[in-house]
Every structure is written in structure tokens, then in C-alpha cells.
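*Asks:* Before I ask anything, let me first share the structure, which is written out below as C-alpha cells.
The values are calculated or read from the model by the stated rules, or taken from the named source; none is laboratory data. The model shown is predicted, which means the values in this text are computed figures rather than measured ones. Reconstructed Cβ throughout: ideal geometry from the backbone, glycine too, with neighbour counts over all protein chains shown. Quick note on the areas: whole protein, heavy atoms, side chains included, nothing else; ligands and nucleic acids left out. Shrake-Rupley method; radii C 1.70, N 1.55, O 1.52, S 1.80 Å.
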Amino acid sequence: MEHWIKRGQDQVEVVAADKKVRETVEGILADIAARGDAAVRELSVKFDKWDRDDYRLSEQEIEGCLSQLSKRDIEDITFAQTQVRNFAQKQRESVLDIEVETLPGVILGHTNIPVSSAGCYVPGGKYPLLASAHMSIITAKVAGVPRVITCAPPYHGKPAPAIVAAQHLAGADAIYCIGGIQAVGAMALGTQTIAPVDMLVGPGNAYVAEAKRQLFGRVGIDLFAGPTETLVIADSSVDGELCATDLLGQAEHGPDSPAILLTTSEKLARDTMREIERLLQILPTAGIARQAWETHGAVCVVESDEEMVQVADRIASEHVQVMTHDPDYFLKNMRNYGALFLGPRTNVAYGDKAIGTNHTLPTKLAARYTGGLWVGKFLKTCTYQKVMTNEASAMIGRYTSRLCALEGFAGHGEQANIRVRRYGGDNVPYAGIAE
């Protein structure tokens with residue numbers, strides 16, 4: 001039986017906050033749709049204190065950002081991008097076109113076609129999160145997307161050199177220094193200077209996530225990737241310091257980032273909570289992490305691994321760090337998660353920054369029905385069919401005709417009947433039923 005030692009924010013408060021975000025985003029997107037660049041500029045000045053005539057970075061500006069980084073910085077970015085590219089390429093190789101003869105003379109197949117353009121959002125208002133550039137731009141390029149543009153907010157009043165370097169090295173075709181709702185709105189809706197894209201990808205805060213939700217349908221999106229979530233599943237095989245470090249390591253993303261400990265050990269739960277308080281006294285990002293922990297942190301104690309799986313699947317967290325005596329049990333049995341980090345030797349930061357898997361992952365229960373960003377998100381799997389013989393066309397036509405008659409679709413039925421008459425020699429009347 002589950003026992004919650006600490007719970008996060010009340011659901012009523014969450015709903016009220018979501019409503020406020022939804023209304024704000026709706027108004028801003030309408031403004032961008034109506035006024036284009038003028039609205040984007042006003043919003044950039046208002047929210048980012050950032051004003052310029054053209055928000056696209058020039059080649060000189062990009063080179064200037066690269067020159068501000070050390071050789072080691074460039075090498076580290078290149079290492080991380082190589083890992084992301086390698087894994088994305090393996091994923092792409094696993095997505096195959098098919099063609100099969102399902103009946104004599106009947107050929108069915110599908111082909112995987114990349115979308116024509118993608119807009120990648122790279123969050124960076126609080127921290128220059130350059131890793132999001134790797135995850136989105138490289139993945140789109142490996143999928144074969146011909147036009148990939150990217151937006152990131154200014155950092156301390158100017159383009160963040162590390163983000164710009166990551167965007168450039170990843171292969172972005174155009175780099176814009178725009179943040180928040182105005183960035184995703186401009187990419188999706190288009191402005192006088194930014195051609196609209198077919199798909200939006202990338203994580204962001206609650207406002208960015210809501211903007212993507214409202215724009216879905218007008219453009220495709222990768223998934224709902226709002227504020228970072230982390231769930232640590234642990235037992236007595238690890239200690240409180242390790243659990244506390246992994247919880248706070250993700251809580252520092254922002255004050256609205258849930259961090260949850262799920263354990264079979266009440267001792268570990270109490271030790272972790274004490275360690276969290278100790279670490280919050282020394283962590284440089286404690287101001288944000290404490291707010292996230294106090295508002296959205298939670299601790300739950302259950303009796304068995306089986307019960308931990310049940311609770312974890314109900315939570316459906318973006319990141320799930322598993323540190324138990326048998327981590328593979330959770331790999332085999334869990335169904336709802338964005339990404340699993342199995343065993344104490346790995347952690348969410350590895351996945352966020354350098355190991356090669358994609359860190360754009362589902363939040364707010366979306367892990368119940370989707371996984372994270374990967375090359376397949378940029379591909380449209382489109383089917384085709386060929387009927388190669390008269391006999392095959394007449395045979396399929398007879399079935400189709402009778403099924404259309406059951407539904408009352410005379411026009412559909414005649415599409416089949418005319419082919420039955422021509423290729424099978426059957427005397428089928430116009431809009432009639434094949435014998």
C-alpha cells in the first residue's frame with residue numbers, strides 16, 4: 001500500500017495555473033498571426049528585453065559566437081553531437097521502406113518521407129541549454145529534413161555563444177535569436193521574414209508547451225514537452241545522497257519541475273529528504289531547486305517492486321531513474337515513461353547532455369501514449385498500392401463492390417464495378433452489386 005510522505009502542488013492549483021497559461025498563449029498567438037514581425041519584435045522587447053531589426057543571426061555573428069568558445073568547448077560539443085548523431089543514424093536505419101505481394105498480383109508498400117521543414121526551439125532563458133540543439137537539429141537532419149531552422153532566446157542580453165555554436169555545428173539552415181511563445185509562433189505561423197515550417201519540435205517552459213499544443217494541427221509537433229519531470233525509483237541498495245542529488249539535479253531546471261522519489265524503504269525516503277535539505281544549503285542553483293522541491297516535490301513509500309511499477313506507470317514521468325537491486329525488472333515491466341535510466345552508474349544528466357539518446361521527452365502524462373523525439377517523428381510513413389493483373393483487380397473489385405453495397409456507397413461501388421466489368425468480364429450493372 002502506497003504511503004505519501006510528501007506531496008506536490010494540489011491539483012486545483014495546477015488547473016488554475018494551466019488556465020492562465022492557456023489564455024495568455026492564445027492572445028499572443030493571435031497577435032503574431034495578425035501582425036507578424038511587428039508582434040514578434042514587441043514581444044521580444046517585452047519578455048526578453050531584446051530589440052533588433054532582424055532576429056536572424058548573420059554569418060559574422062555566428063562566427064563571433066564560435067570564436068568566444070575554447071577549443072575544449074568545441075570538442076565537448078562535438079563529442080555530444082557525435083553521440084546523438086550516431087544513435088539517430090542507427091534509429092533511421094531501423095525504419096525501413098517495405099513492399100510486399102500480399103495476394104497474387106497485389107503489391108502493397110510504404111515509404112518513409114521526411115517532412116519538408118522543421119522549426120527547432122532551444123530553451124535558454126535561465127540556462128544556455130545547448131544540448132537541445134543537438135537533440136532537435138541533428139535528429140531532423142539525420143531523418144532527411146531539407147530545411148531546419150532554429151530559435152533560442154537571448155541569454156544575458158545577447159545570443160548565447162554556446163547555443164549558437166551548437167545550432168551551427170548541428171547543421172541549422174537558419175538561426176534566430178527569439179525566445180518563448182513568439183519564437184514557436186513565428187516558426188509555425190510565419191511572418192514577413194520567417195517562412196512557416198511544417199513541424200515544431202523542442203522542449204520549453206509551460207508557455208512554450210501550451211503554444212505548441214494550440215498550434216498542433218496547423219503544424220505537426222513532436223510531443224508535449226513542458227517543464228522537466230523526474231522520478232527516482234530506488235530501494236535500500238543505494239543511499240539518500242545519491243537519490244537527493246538526482247532529484248535536485250533535475251529540480252534546478254525551474255520552479256515548476258516535479259521531482260518524485262518512489263521507494264520500498266522508508267529509511268531511504270527519510271535519509272533522502274534530509275540529504276535534500278543539506279544539499280540545498282550548498283547547491284548554487286538552490287534558489288530554483290528549493291522552490292521546485294517545496295512546490296512539486298513528492299516522496300512515496302510502497303511495499304514491493306511490483307507496486308513501484310504500478311505507481312510509476314500512473315505517474316508516467318518524463319525521466320525515470322531506477323536504482324534498485326534489479327533495474328531490468330522495470331525495463332521489462334514498466335509501460336509509461338519518457339526515458340529510463342537504469343542503475344546507479346547512469347543518470348538523467350547523461351541523457352540530457354552527452355550519452356546520445358534524445359532528451360526531448362513527453363511530460364504531463366503524455367508518456368501514456370507517446371515516446372520521445374527521434375528520427376521517426378520527422379518521417380511520414382506513406383502507403384502505396386499497385387494491382388498488377390486483370391485477375392487481381394477483378395477479384396479485389398468483387399469484394400469491394402459488395403462491401404460498398406453494405407455501406408450504401410454507390411459511387412465507391414462503381415469504382416470497383418467498372419473494373420470488374422473491364423478486367424473480369426462480369427456483367428455488373430452500374431452501381432449494382434457484384435454476384
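*Asks:* Suppose accessible area is computed on protein heavy atoms with a 1.4 Å probe; arrange CYS382, CYS120 from highest to lowest.
*Replies:* Descending accessible area places them as CYS382, CYS120.
*Asks:* Which whole-angstrom value gives the distance between the alpha carbon centres of segment 302-326 and segment 250-292?
*Replies:* The two parts, judged by their Cα centres, are 18 Å apart.
*Asks:* Per residue, how much accessible area does segment 71-202 show when a 1.4 Å probe rolls over the protein heavy atoms, in square angstrom?
*Replies:* The answer is 38 Å² per residue.
*Asks:* To the nearest Å, what is the center-to-center distance of segment 195-240 and segment 59-118, using C-alpha atoms only?
*Replies:* 20 Å
*Asks:* Moving on. Tell me whether segment 226-382 comes out rounded, prolate or oblate; compute the Cα gyration tensor, take square roots of the eigenvalues as a ≥ b ≥ c, and use a/c under 1.5 as the rounded threshold.
*Replies:* Working: a/c = 1.84, a/b = 1.29, b/c = 1.43.
In terms of gyration-tensor shape, oblate.
*Asks:* Kindly list the residues of segment 211-246 that lie in the label zone of HIS325, defined by a backbone N under 18 Å from the point 7 Å along the Cα-to-C-beta vector.
*Replies:* 233-240
*Asks:* Heavy atoms only, 1.4 Å probe, whole protein assembly: order MET388, MET1, MET273, MET135 by accessible area, highest first. Can you show the working numbers first?
*Replies:* Details: MET388 120, MET1 165, MET273 50, MET135 0 Å².
If we order MET388, MET1, MET273, MET135 from most to least accessible, we get MET1, MET388, MET273, MET135.
*Asks:* Here's a follow-up. Between ALA174 and TYR350, with labels modelled 7 Å along Cα→Cβ, what's the label distance in nm to one decimal, could you check?
*Replies:* It is 3.9 nm.
*Asks:* Using only the alpha carbons of segment 87-241, what is the convex hull's orientation-averaged projected area in square nanometres?
*Replies:* Result: a mean projected hull area of 14.3 nm².
*Asks:* Using a Förster distance of 41 angstrom, determine the FRET efficiency expected from the C-beta separation of ALA38 and LEU66, and round it to 0.05.
*Replies:* For R0 = 41 Å, the calculated efficiency reads 0.85.
*Asks:* Also: At a 10 angstrom cut-off on C-beta neighbours, averaged per residue, how do the peptides 389-395, 412-418 rank from highest to lowest?
*Replies:* Details: 389-395: 16.7, 412-418: 19.0.
In descending order of packing, they fall as 412-418, 389-395.
*Asks:* Pull up the cross-link candidates among the lysines for LYS380, meaning alpha carbon to alpha carbon under 22 Å and not fewer than 8 places away within one chain.
*Replies:* The qualifying lysines are LYS90, LYS141, LYS212.
*Asks:* Here's another thing I want to ask about it. Considering only protein heavy atoms and a 1.4 Å probe, what is the carbon-and-sulfur percentage of the accessible area of the chain?
*Replies:* 53 percent
*Asks:* At 7 Å along Cα-to-Cβ for each site, give me the label-to-label distance between ARG270 and GLU303 in nm.
*Replies:* 2.1 nm
*Asks:* Cβ neighbours within 10 Å, averaged per peptide: list 220-231, 339-350, 259-270 in order, most packed at the top.
*Replies:* Top to bottom by mean Cβ count within 10 Å: 220-231, 259-270, 339-350.
*Asks:* Something else: Out of every Cα pair in segment 53-113, what percent are spaced more than 14 Å from each other?
*Replies:* Values: 1381 of 1830 pairs.
Here the tail beyond 14 Å accounts for 75 percent of pairs.
*Asks:* Can I ask one more? Take the chain, connect every pair of alpha-carbon atoms lying under 10 Å apart with a spring to form a Gaussian network, then pick out the residue of ASP48, ASP328, ASP37 with the largest mean-square fluctuation.
*Replies:* Its mean-square fluctuation being the largest, the pick is ASP328.
*Asks:* Moving to a separate point now. If you line up the long axis of helix 240-251 against the longest principal axis of the chain, both from Cα atoms, how many degrees apart are they, to the nearest 10?
*Replies:* The helix 240-251 is inclined about 60 degrees to the chain.
*Asks:* Could you run the Karplus curve 6.51 cos²θ - 1.76 cosθ + 1.60 with θ = phi - 60° over segment 25-38 and give me ³J(HN,Hα) per residue in whole Hz, x for Gly and Pro?
*Replies:* Taking θ as phi minus 60°, the curve returns 5, 4, x, 5, 5, 4, 5, 5, 4, 7, 10, x, 4, 4 Hz for segment 25-38.
*Asks:* If you don't mind, another one. Calculate, in nm to one decimal, what LYS380 and THR285 gain on full extension: separation in residues at 0.36 nm each, minus their alpha carbon distance.
*Replies:* Contour length minus the Cα-Cα distance gives 30.1 nm.
*Asks:* Using packing as a proxy for protection, rank 99-112, 165-178 so that the peptide with the highest average count of other Cβ atoms within 10 Å comes first.
*Replies:* On the way: 99-112: 13.5, 165-178: 22.8.
So the peptides 99-112, 165-178, ranked by packing, come out 165-178, 99-112.
*Asks:* In sequence order, what are the phi-derived ³J(HN,Hα) couplings for segment 339-346 according to the Karplus relation 6.51 cos²θ - 1.76 cosθ + 1.60 with θ = phi - 60°, rounded to whole Hz, with x for glycine and proline?
*Replies:* Result, rounded to whole Hz: 8, 9, 10, 9, x, x, 7, 10.
*Asks:* Once the piece of chain linking LYS6 and LYS49 is laid out straight, how much longer is it, given 0.36 nm per residue of separation minus the C-alpha distance between them? Walk me through the numbers before you get to the answer.
*Replies:* On the way: separation 43, 0.36 × 43 = 15.48 nm, distance 3.86 nm.
Fully extending the segment from LYS6 to LYS49 adds 11.6 nm.
*Asks:* State the antiparallel share, in %, of DSSP beta bridges confined to the chain, rounding to the nearest 5.
*Replies:* 35 percent
*Asks:* On to the next question. Keeping all protein chains in the complex and leaving out DNA, RNA and ligands, what accessible area do you get for TYR384 with a 1.4 Å probe, in Å² to the nearest 10?
*Replies:* Around 70 Å² of this residue is reachable by solvent.
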